[in-house]
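Report on the following structure.
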Amino acid sequence: MAYQNIPMKMTYVNGYGIRYFDYNKIIKELDNDHKDLILLHGIGASAERWLPVLPGLTEHFRVIVPDIIGFGYSDKPTVEYTMDFFIKFFKDFLENLNINKLNIIGSSFGGHLATEFAIRYTNRIEKLILAAPAGMMKSSTHHLDQYIMAALYPTYENALRAFTDMAYDPNVVTEDTIKDFVNRMRLPNAKYAFMSTLLGIRDSPALPGRLSKILAPTLLVWGDNDRMIPLQYSKGYINEIPHSNLVVMSNCGHTPYVENSIEFNREILKFLRD
């Protein structure tokens with residue numbers, strides 16, 4: 001899917017420019033309270049990471065996909081990228097777009113941000129979907145280390161190795177994905193924002209003992225071959241979030257929405273439209 005045709009917009013959150021995609025092809029019969037779906041990407045990624053699933057989701061929801069501050073083609077200020085900073089950014093971003101209640105799909109770091117937002121603002125989330133969220137794992141994995149090295153030393157070879165090892169089937173990794181990652185990580189302040197976010201994740205409030213505050217129905221989606229954030233970390237979420245279920249996608253690594261977008265969308269839409 002060529003993203004030249006995607007409605008790309010800019011908004012300013014506390015003076016920082018935020019790029020986002022905004023799809024507003026809504027089926028009229030849908031309840032207005034359930035029409036907004038926000039997709040949050042992982043660390044070092046951008047809105048483009050969600051391209052495989054967008055056509056199916058935009059048939060049913062207004063879908064908004066920001067480049068989270070510090071990433072993609074949004075501004076990358078020299079600040080401390082703490083969880084409090086990201087939560088304030090996301091809250092103010094939603095206020096800019098006049099969104100009160102919403103559904104969220106968050107992947108990896110975006111899943112951590114979505115989880116924390118759902119803990120702090122329990123009455124604003126209709127339904128929560130977490131795709132292999134970060135936040136529970138206290139030690140790194142080889143594949144995460146490899147991805148970090150690709151971000152700090154963004155050569156084509158380093159990025160290709162990190163992305164192919166992240167996936168179950170390396171054939172899903174496109175040349176455009178690799179080149180875009182390398183180009184973005186070479187932007188001013190991109191490496192600083194990446195490393196500051198890693199520190200912010202490390203120092204963020206522990207999730208165990210707090211996940212029970214999430215009131216929204218929650219769906220966990222995990223690839224059975226995720227070697228970046230392994231499937232075993234799903235247990236902490238399922239055991240503590242009151243209304244939660246787990247879908248394990250076969251033959252998928254860390255990004256099942258890229259590796260099998262059709263099945264991912266089928267599970268997502270079944271959950272969101274129940």
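Longest segment of the chain with no GluC sites (Glu not before Pro) in a DSSP loop having at most 15 other Cβ atoms within 10 Å? Could you put the intermediate results ahead of the total?
Details: sites that count: Glu29, Glu59, Glu80.
Here the longest run is 81-274.
Just going by the charge dipole of the chain, with Lys and Arg at +1 and Asp and Glu at -1 on Cβ, which of Ala134, Pro230, Ala162 is farthest out on the positive end?
After comparing all options, I get Ala134.
Using the Cα gyration tensor of segment 74-121, with a ≥ b ≥ c the square roots of its eigenvalues, what is the shape: rounded (a/c below 1.5), prolate (a/b larger than b/c) or oblate (neither)? List each step's numbers first, then the result.
Working: a/c = 1.74, a/b = 1.22, b/c = 1.42.
Oblate is the answer for segment 74-121, as a/c is 1.5 or above yet b/c matches or exceeds a/b.
Using a 1.4 Å probe, how large is the accessible area of Lys138, given in Å² and rounded to the nearest 10?
Rounded to the nearest 10, that gives 150 Å².
Please work out the Kirkwood hydrodynamic radius for the chain, using every pair of different C-alpha atoms, and report it in angstroms with one decimal place. Spell out each step's value before the answer.
Details: mean 1/r = 0.0541 Å⁻¹.
Across the chain, the inverse of the average 1/r is 18.5 Å.
Just how many % of Cα pairs in segment 118-215 lie over 17 Å apart, if you round to the nearest whole percent? Intermediate results must be reported in sequence, preceding the final value.
Details: 2970 of 4753 pairs.
In whole percent, the share of Cα-Cα pairs in segment 118-215 beyond 17 Å is 62.
Could you work out the mean projected area of the convex hull around the alpha carbons of segment 190-274, in square nanometres to one decimal?
Across all orientations, segment 190-274 yields a mean hull projection of 6.9 nm².
Could you give the nm distance between label points at Tyr12 and Tyr156, where each point is 7 Å from its Cα heading toward the beta carbon?
3.9
Return the distance in nm (one decimal) between the two label points of a simple spin-label model at Lys213 and Lys88, each offset 7 Å from Cα along Cα→Cβ.
1.8
Reachable lysines from Lys76, Cα under 21 Å, same-chain residues fewer than 8 places away excluded?
Lys76 reaches Lys9, Lys88, Lys91, Lys179, Lys191.
Compute, for the chain, the length of the dipole vector about the Cα centre, with Cβ point charges of +1 (Lys, Arg) and -1 (Asp, Glu) only. Units Debye, rounded to 20. Write down the numbers at each step before the final one.
Numbers: 28 positive and 30 negative charges, 97 e Å.
The dipole magnitude comes to about 460 debye.
Which order do Thr78, Thr122, Thr255 take when ranked by solvent-accessible area (1.4 Å probe, heavy atoms of all protein chains), largest first?
Numbers: Thr78 105, Thr122 45, Thr255 10 Å².
Correct descending sequence by accessible area is Thr78, Thr122, Thr255.
With a ≥ b ≥ c the root eigenvalues of the C-alpha gyration tensor of segment 33-103, is it rounded (a/c under 1.5), prolate (a/b larger than b/c) or oblate?
Judged from the Cα gyration tensor, segment 33-103 comes out oblate (a/c at least 1.5, b/c at or above a/b).
Could you give the nm distance between label points at Lys235 and Arg124, where each point is 7 Å from its Cα heading toward the beta carbon?
For the pair Lys235/Arg124, the computed spacing is 3.3 nm.
Using +1 at the C-beta of Lys and Arg and -1 at the C-beta of Asp and Glu, which of Leu211, Asn171, Gln146 has the Cα lying farthest in the positive direction of the dipole of segment 123-274?
It is Leu211.
What residue among Phe264, Phe85, Phe163 shows peak mean-square fluctuation when the chain is described by a Gaussian network model with Cα springs under 10 Å?
Maximum fluctuation in the GNM of the chain, among the listed residues, is at Phe85.
Find how much the distance from Ser139 to Asp274 grows on full extension, using 0.36 nm per residue of separation minus their present alpha carbon separation; answer in nm with one decimal. Could the numbers behind the result be given before it?
Working: separation 135, 0.36 × 135 = 48.60 nm, distance 3.63 nm.
Stretched out fully, the Ser139 to Asp274 stretch lengthens by 45.0 nm.
Which of the lysines could a cross-linker bridge to Lys270, judged by Cα under 23 Å and excluding same-chain residues fewer than eight apart?
Lys25, Lys28, Lys35, Lys101, Lys127, Lys235
The values are calculated or read from the model by the stated rules, or taken from the named source; none is laboratory data. Just so we're clear, the structure is a prediction, and the values are computed from it rather than from any experiment. Please note: Cβ atoms are built from the backbone with ideal geometry, for glycine as well, and neighbour counts cover all protein chains shown. Side chains included, ligands, DNA and RNA excluded: accessible areas come from the protein's heavy atoms. Shrake-Rupley method; radii C 1.70, N 1.55, O 1.52, S 1.80 Å.
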